[in-house]
1. Only residues that are open to solvent by less than 90 Å² (accessible area, probe 1.4 Å) and outside any helix (DSSP H, G or I): list them for segment 126-146, please.
2. List the helices (runs of 4 or more DSSP H) that sit entirely inside segment 19-91 and contain at least 2 residues that are out of contact with any Asp or Glu (no Cβ under 9 Å at 6 or more places or on another chain) and in contact (Cβ under 8 Å) with a residue 24 or more places away in the chain.
3. Find the residue count for segment 154-164, including only residues that are under 18 Å from the mean Cα position of the chain (by Cα) and open to solvent by 50 Å² or more (accessible area, probe 1.4 Å).
4. Counting only residues that are of a type in the set (S, T, N, Q) and modelled with pLDDT of 80 or more, how many does segment 95-129 have?
5. Could you grab the pairs with beta carbons closer than 6 Å, sequence gap of 6+ or different chains, first residue in segment 117-144 and of a type in the set (Ser, Thr, Tyr), second one modelled with pLDDT under 95 and assigned to a helix (DSSP H, G or I)?
6. Within segment 103-114, is there a residue that is in a loop (DSSP other than H, G, I, E, B), on the phi < 0 side of the Ramachandran plot, open to solvent by less than 60 Å² (accessible area, probe 1.4 Å) and of a type in the set (A, V, I, L, M)?
7. Which count do you get for residues in segment 153-164 that are touching a residue at least 60 places away in the same chain (Cβ under 8 Å) and assigned to a helix (DSSP H, G or I)?
8. Here's a check for you: in segment 165-179, which residue that is open to solvent by 40 Å² or more (accessible area, probe 1.4 Å) and touching a residue at least 60 places away in the same chain (Cβ under 8 Å) is nearest to Ser61 (Cα to Cα)?
Amino acid sequence: MQAARQILLFEGASALTMEAVAGKAGVSKATLYSRFGNRNLLIEAVLRAQSDFFVESFSGSVQNAAQAFAALEAFSLRLLQYLFSEDHLWLMKTLQGHQDIPADLRERMYELGPVATCIQVEAWLAQVHQHGLIHCPQPDFSAELLYGMLVGMDMLRTLFQQAPKRKPADLPGHVRTVVTLFLQL
């Protein structure tokens with residue numbers, strides 16, 4: 001999985017072949033095919049693993065508002081640390097620079113990455129709202145609002161290849177402020 005992730009991030013989906021992944025991982029193609037039937041299934045597994053990593057903080061039981069805050073804060077920090085990482089910057093460059101990625105694969109990558117993560121955030125917000133721990137009657141709208149509050153103009157700065165305003169050391173404080181304001185809304 002790590003070899004496939006590295007190829008996908010730094011070389012693009014077109015470079016991600018079963019042979020390339022097997023070589024980078026130091027395993028045989030037969031071993032790779034036994035776990036993942038084809039390249040698209042391997043890409044899907046990589047994207048699911050990334051999405052699952054972000055929402056791990058939502059997997060525990062939330063009993064009170066403080067735990068809800070902590071879970072949302074942990075998710076938000078993980079998400080921002082990735083979005084402003086070199087890995088994500090390379091992925092964005094790869095997606096923008098490789099027009100040969102088939103439209104259906106781009107769509108699948110979007111669905112299994114950002115959309116899948118957002119859906120899990122929506123479900124968690126709905127659950128903690130239902131338990132009366134936060135007020136969130138529109139979890140789909142609220143999840144998108146949270147994303148916007150977290151990334152702000154920095155995502156646009158990144159797309160235009162400008163330095164983000166926030167530095168890695170600023171992220172915890174930024175996240176804490178955003179989560180506080182988000183929950184107040």
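1. Gly132, Leu133, Ile134, Cys136, Pro137
2. In segment 19-91, the matching helices (runs of 4 or more DSSP H) lie at 39-54, 65-83.
3. Of the residues in segment 154-164, 2 are under 18 Å from the mean Cα position of the chain (by Cα) and open to solvent by 50 Å² or more (accessible area, probe 1.4 Å).
4. 3
5. Thr117/Ser51; Thr117/Phe54
6. no
7. 4
8. This residue is Arg176.
The values are calculated or read from the model by the stated rules, or taken from the named source; none is laboratory data. Note that the coordinates shown come from a computational prediction; the quantities given were computed from them, not determined experimentally. Virtual Cβ from ideal backbone geometry, glycine too; neighbours counted across all protein chains shown. Note: areas computed on protein heavy atoms with side chains; ligands, DNA, RNA excluded. Shrake-Rupley method; radii C 1.70, N 1.55, O 1.52, S 1.80 Å.
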